[in-house]
Structure formats: C-alpha cells, structure tokens
Amino acid sequence: MQMITEQEEISRRLNIKGYRLTKQRLAVLKALQSTKSHPDANWIYEKVRKEIPHISPGTIYRTLGVLKEAGLLRELDYGSSLSHYDANTENHPHIVCTNCGRIDDLPLSLPLAHHAPGQAHKLEEQASKATDFLITDHRLEFYGLCPHCRSSSAD
Ligand SMILES: [Zn+2]
Ligand SMILES: [Zn+2]
C-alpha cells in the first residue's frame, strides 16, 4: 500500500504541479488517510469541518481535485453517483456492494493485482500488446452484496 505521508514529499508533489501545501490541503489529505472506507466528498467535508469550521464544500471539491492532480490520492468515479476517494495511490482492486455502496480493498493473491511502483502493470502490458493502445490506467473492480447486506436480504 502506497500512502504518501511525509509532509515534505506531499509539498514536493504539489509544487511540481504549481500548488503550495496549505492547511486545508493537508487537512483534506489527512482526513482521507485516516480511513480505509473510500469515503465521498461529503464524508471528508464533515471530517475536515471539525478541524477547520469555516471550510466550504466547494473548497473540499477543489482541494480533492488538486490532490488528485498531484498524485496524492485516487478518485473512484461512479458516473452519475458521487466519486469516492482513496489515499492509497497504488492501483489496487476493489470490491463494491451494489446495495449499500460499501467499497473495500480486495486482497487478491493473483500476481497481476500487484506490481512495483513505476513498473508497467502486467495487465496493462497484456492489454497494450493485444490492442496496440498506449495504456495509461486501468480499474479492477468486483461487485456483489457485502456480508451485512447479504444477511439482511436473507430475511
Ligand atoms: Zn452492503
Ligand atoms: Zn482502495
């Protein structure tokens, strides 16, 4: 799991994209790093508001965009519904509950689910060879009912 936590490194990543490390940006990143639940912007807003009461939802959205651009988080876009965010910047598989929307990391032991940072992903290499596309990213997700929703649907 690759999470960028050193303040100097966070600052360096932002500077590359022409941004500065501000109190708001650090608070948003720390809020996201404090959970493994892949929260949406509303959750992050509620969390950061406890520390910076005057912050607006708009600032949260803009900040998430900046942090994404600097490669400090990953955005999980679900089309019409709200995006969810992940402080783990390494591409990794997820499992999503189609009933309650819960998103968990999926610890697959397949060799293709893991690769060293900076090294071409095996799946992307295969996809590139098969299509002649220049592959820039991929997303591996599984869908189903989480244990909680499974047991309540069995009633
Ligand atoms: Zn569920
Ligand atoms: Zn994740």
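Worth a mention:
- Unique match (being assigned to a helix (DSSP H, G or I), among the acidic types (Asp, Glu) and surrounded by fewer than 19 Cβ atoms within 10 Å (Cβ to Cβ)) among Glu51, Glu90, Glu46, Glu75: Glu46
- Residues of region 37-68 satisfying the condition of being farther than 16 Å from Leu26 by Cβ, touching a residue at least 24 places away in the same chain (Cβ under 8 Å) and over 12 Å from the mean Cα position of the chain (by Cα): Asn42
- Note on region 84-95: residues that are at pLDDT below 95 and either hydroxyl-bearing (Ser, Thr, Tyr) or more than 10 Å from ligand 2 (Cβ to nearest atom) (or both) total 1.
- Residues (under 12 Å from His92 (Cβ atoms), exposed (fewer than 13 other Cβ atoms within 10 Å of the Cβ) and modelled with pLDDT under 90) located in region 108-155: Leu110, Pro117, His138, Arg139
- Among the residues making up region 78-87, a single one is surrounded by 15 or more Cβ atoms within 10 Å (Cβ to Cβ) and not in a strand (DSSP E or B): Ala87.
The values are calculated or read from the model by the stated rules, or taken from the named source; none is laboratory data. Source: prediction; values computed, not measured. Glycine gets a Cβ as well: all are built from the backbone with ideal geometry, and neighbour counts include every protein chain shown.
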